[in-house]
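No lab work stands behind these numbers, since they all come straight from the coordinates. Note that the coordinates shown come from a computational prediction; the quantities given were computed from them, not determined experimentally. Neighbour counts are summed over all protein chains in view; Cβ atoms, including those assigned to glycine, are modelled from backbone coordinates with ideal geometry.
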Amino acid sequence: MSTPRWSPNGPGFQAPRPTGTGGQGSAPVIGCQRCHRIQPPLPRGVRTCVYCSAALPVQRWRADSPTAVVPGRRTTAPPRRGPYLGPPSYGTSPPRWGYPAAVWRAAKVTAPDTSRDRPIGLLQAGLWLSVVTAVATSAAAGAEIWRYVLLLRGRTEVLSVRVVDESDRLVTSTSLAALVVAVVTAGVVAVVLVRLHTGAARRLSMAPSRPPAAVLARLVIPGWNIYGLGVVAGEIDGLLAADEARPAGIRPRLSRLVMAWWAAWGINAVLVLVTLGRAFGRSDQAVADTVELHIWVDLAGASTAVLTALVCRRFRRFLSGPADGVPAGWQVRPPEPTRGQPAMLKIAPGNADAGPEASQATVSASAAGDQPAAAAAPEPDTKPEPEPTTMTPIP
């Protein structure tokens, strides 16, 4: 084990000098403020006493002259500020700088552009595209049903080549048309939902709960969109149906229409996955099962498209109100009370000779909400009584 150089037994130990400072060119001598012992030459970085481990006053202070003070130059005091003599006078040559010569006008406050937050045109387009998708998927389901019927007939009879080819062409054309229209409809509805998610929150002076990129990801990523569609559509429906006076902290409820749409979307996705898994079969039964599953997929797609059209119609009504000429907002109320309103004078027949006192009594009684006895009494029946009829037996 090596011995430190400042130890009394170390190789580099030097006896402390009794003076407070070293000689010319030597390091300054430092004394400990706790044990008052002179420190030996310390290595670089040591800041504590080698005897008692107390902190040593090794700070070095340096005094620099101010930058504005130059040695050998006499500084002058700043001039005193004189009294205020008023604004400047330019005489006949005014300055050319300043504001332009213009008349002050009231600023025009323009309303913010909220057309992107109210995509009524896209909602209408999504509605009609959903209707077209429902028709196309229904046609595809009909073509698949015809193919399934031909499969059942093929077990007991020989089918015509022409009929089979026509069935295949019909199935291919209707399925392709349904797929193209469904993809276009899904793209338009996705754009509508992204805009409505932001616009519905701003409609209630709230910040959107998710950025548009996160909303779009929940609608287009496979697998995630089965869950994300219901979340996004539920938030939009709750915000559009909510009132500005709704207390804070109360979560909006999901409507039955949106819940049915979400359920149909999930069922359709599950049927598509089952159909794709069954399509890899090689047996005749697998082919028949695939045709049958295609029928259910097309029917589920048609129902989903119909519910999509209804949801777009619901959202459009929230933004623009009901269509012109369609009554809405009817409320059944009880009849207004008649007590305290001006009375209508009606003199009963046969009381014309009663005089003004009876008329005054009728008016006061009607104004009080009651009817006089003369008015309340029913009119006498003046119809003649029928003669009794005698029945004689025939011999």
Practice problem: Calculate one ³J(HN,Hα) per residue across the range 183-188 by plugging θ = phi - 60° into the Karplus curve 6.51 cos²θ - 1.76 cosθ + 1.60, and present them in order as whole Hz with x for glycine and proline. | Solution: 5, 5, 4, 5, x, 5
Exercise. Calculate, in nm to one decimal, what Glu157 and Ser93 gain on full extension: separation in residues at 0.36 nm each, minus their alpha carbon distance.
Key: 11.8 nm
Quiz prompt | Efficiency of FRET between Ser205 and Trp296 - r from beta-carbon atoms, R0 56 angstrom, step 0.05 | solution = 0.80
Quiz item: In debye to the nearest 20, how big a dipole does the range 120-320 give about its Cα centre with +1 on each Lys and Arg Cβ and -1 on each Asp and Glu Cβ?
Solution: 800
Exercise. Neighbouring Cβ atoms within 10 Å as the yardstick, rank Val291, Val149, Val135, Val194 fewest first.
Key: Val149, Val135, Val291, Val194
Practice problem: Using 0.36 nm per residue of separation minus the Cα-Cα distance, give me the extension gain between Val164 and Ile226 in nm, one decimal. | Solution: 18.7 nm
Quiz item: Between Arg256 and Leu179, what is the spin-label point distance in nm, taking each point 7 Å from the Cα along the Cα→C-beta axis?
Solution: 3.7
Practice problem: Describe numerically, in nm with one decimal, the distance between label points set 7 Å from Cα along Cα→Cβ at Arg47 and at Ala279. | Solution: 7.5
